[in-house]
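Reviewing the structure listed below.
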Amino acid sequence: MLSALATLLVAAYPADAAAALRAYSLRAPMFYETEVRALASFADHDGSSVLAGGAGVGIALHRIVTPPATAMVSSWTALRAGTAARISVASGAPRLRLEVPFLFGAERAIGGIAAGANWRGYVLGAAAAPQVIVGSGLHAAWVRAEMHLDRVALEGPKEPHLRLSLALQAPVGYPETLVALGAGIAWY
């Protein structure tokens, strides 16, 4: 019985890192990410300029739409849905606010298996990101988008990756035009 269990474990965890990544993509064409992010933003709120800075955490679910057998060998595409909680402190009213975006978008990973059998490349993502804002009341910003660029070197699941982000918001639903830059770490 122990030898049968050992055989199953060896089969489940290939020794070759490239084979392990391919096996992971076959097992999990759907996966999740978590992130931490620091951000700085510039906004025009009701005719007054506001600078803000803050931090937050997020989670997103990915569904790889590239055939799973090739997803971790070469480039791949995924659909992404998620949310986050971000707190920012601003130079103008409201001074402190909680932002909760709801992300619906796609990602394109450009790269492949490199020397050492690790997947290396970049992940480009774009999402519609309407958000709820709690500051001086409860508001919604409906026309908002977020983009991100991740530098990726995968050796297996849940590796940390550098994430750079940009958010743009139009004054629809909430009287604020906003540009935010962020940097952080994403795990997926």
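The values are calculated or read from the model by the stated rules, or taken from the named source; none is laboratory data. This one's a predicted model, so the numbers in the text were calculated from it and none came from an experiment. Accessible surface areas use protein heavy atoms only, side chains included; no ligands, DNA or RNA. Shrake-Rupley method; radii C 1.70, N 1.55, O 1.52, S 1.80 Å.
Results, tabulated for the structure shown:
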{"quantity": "Nearest-10 value in Å² for the accessible area of PHE104, using the 1.4 Å probe", "calculated": "130 Å²"}
{"quantity": "MET147, MET30, ranked by accessible area, largest first (probe 1.4 Å)", "calculated": "MET30, MET147"}
{"quantity": "Principal semi-axes in Å for the stretch 141-188 [√(5λ), Cα gyration tensor, largest first]", "calculated": "30, 9, 7"}
{"quantity": "Distance histogram in 10 Å bins (all Cα pairs of the stretch 37-172, percent per bin)", "calculated": "11, 39, 26, 16, 7, 0"}
